[in-house]
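Here is the structure we will look at, set down as structure tokens.
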Amino acid sequence: MKCTVCSANIIPGENYVEFACPKCGEEKIVRCKKCKMTANEYACKKCGFVGP
Ligand SMILES: [Zn+2]
Ligand SMILES: [Zn+2]
């Protein structure tokens, strides 16, 4: 599994967030610990939604 924002590999058990895209609800957004902390923007690959 990879971070949607920085493409870093997510290690199982690591602190990360995983949620469905708020707009299309289809694409899974994964944000690693680092990107979660810095509140990096993510972009949905499916619908192009950009969110914090
Ligand atoms: Zn990341
Ligand atoms: Zn989407």
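The values are calculated or read from the model by the stated rules, or taken from the named source; none is laboratory data. It should be emphasised that the depicted structure is a prediction, and the values quoted were computed from it without experimental measurement. Here the Cβ positions follow ideal geometry from the backbone for every residue, glycine too, while neighbour counts run over all protein chains shown. These accessible areas exclude ligands, DNA and RNA; they are computed on the full protein's heavy atoms, side chains included. Shrake-Rupley method; radii C 1.70, N 1.55, O 1.52, S 1.80 Å.
Close contacts from region 31-52, counting a first residue that is outside any helix (DSSP H, G or I) and a second that is small (Gly, Ala, Ser) and surrounded by 11 or more Cβ atoms within 10 Å (Cβ to Cβ), with Cβ to Cβ under 6 Å and a gap of 6+ residues or different chains, come to Cys32/Ala8; Val50/Ala43. Restricting attention to region 36-46, the residues that are within 7 Å of ligand 2 (Cβ to nearest atom) and open to solvent by 50 Å² or more (accessible area, probe 1.4 Å) add up to 1. Which residue is farthest from ligand 2 (Cβ to nearest atom), if the candidates are limited to region 1-35 and must be of a type in the set (D, E, K, R) and open to solvent by less than 80 Å² (accessible area, probe 1.4 Å)? Among them, the one singled out is Glu14. Pairs meeting the criteria (first residue in region 8-29 and hydroxyl-bearing (Ser, Thr, Tyr), second residue assigned to a loop (DSSP other than H, G, I, E, B) and more than 10 Å from ligand 2 (Cβ to nearest atom), beta carbons under 8 Å, at least 6 apart or on different chains) are Tyr16/Cys3; Tyr16/Ile10; Tyr16/Cys32.
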